[in-house]
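The next block holds one structure in the form of C-alpha cells; read it before the comments.
Please treat every number below as a calculation from the coordinates, not as lab data. This structure is a prediction, so every number in the text was calculated from the model and none was measured. FYI the Cβ positions are ideal-geometry reconstructions off the backbone, even for glycines, and counts take in every protein chain you see.
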Amino acid sequence: MKLLIFLLSTTLLIQAKEIKHKIIIGAIEKVHLLDVNMVLKARIDTGAKTTSIDAREITPFERNGVKWVRFTCVNGNKSKTIEKKILRTVEIKRHGTKSQNRYVIEMNVMLGTVSRLIQVNLNNRKSYVYPVLIGRNFLRNSFIVDVTLKRPK
C-alpha cells in the first residue's frame, strides 16, 4: 500500500513539474509572423495538427527546378508579398465540405517569448475571424491552453 501511495505521489509531482515550465495561453492570442514582420490575431486550435496562415494570391512557380510559392500576407491595410520554397502539399479534410489541398512552407512564428521555425499551410482565410490558426506543431511541449482567457482586442 505504501508503495502504491509513493508511486502515485511521485507521478503527480512529475506532472506538476512538467506543467510548471509551460506557458498558459488563451483561445485567442496575438502572434508575430517574423518573416513578414506582422502581428496578427490567432485562434489557438489544439485539434489542428499544423498551423495555418491567411495567404492571398497564392501562386506556385519553379525556381531552378524547385517548387516555390509566392503569396501575400494581409494585416488590415498593410500587405507583404513573399516567396517560400514549397515543402509539401497537404490534404485538409473539412467537415461538411470537400477536402482542400494546401501548400506547406516553413515560417518563423513567435507567440509571447517563444519563437519557432515551423511548417505552416497556406490558406485564404479572408472569411475567417482570425487570420492565423495555431496548431499543435507550434504548441507542443511549451503551452497549456486555457480557453477562458481571451486577451487580444
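Summary of computed values
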| read-out | value |
| --- | --- |
| Pairs from Lys49/Lys80; Lys22/Lys126; Lys20/Lys85; Lys20/Lys126 whose Cα-Cα separation, in the structure shown, is over 29 Å | Lys22/Lys126; Lys20/Lys85; Lys20/Lys126 |
| Degrees, to the nearest 10: 2-20 long Cα axis against longest axis of the chain | 30 degrees |
| Straight-distance crosslink candidates among aspartates and glutamates, where the alpha carbon sits under 16 Å from Lys78 and sequence neighbours closer than 8 are dropped | Asp35, Asp54, Glu57 |
| Karplus-derived 3J(HN,Hα), 6.51/-1.76/1.60, for each residue of segment 87-102, Hz, glycine and proline x | 7, 5, 10, 10, 9, 9, 8, 10, 5, x, 9, 6, 5, 10, 8, 9 |
| Integer Hz, Karplus 6.51/-1.76/1.60 couplings in order for segment 130-145, x for Gly and Pro | 10, x, 10, 10, 8, x, 4, 5, 8, 6, 3, 6, 10, 10, 10, 9 |
| Two-decimal Rg to Rh for the chain - Kirkwood Rh, Cα set | 1.09 |
| Listed peptides 50-63, 75-88 by packing density, highest first (mean Cβ within 10 Å) | 50-63, 75-88 |
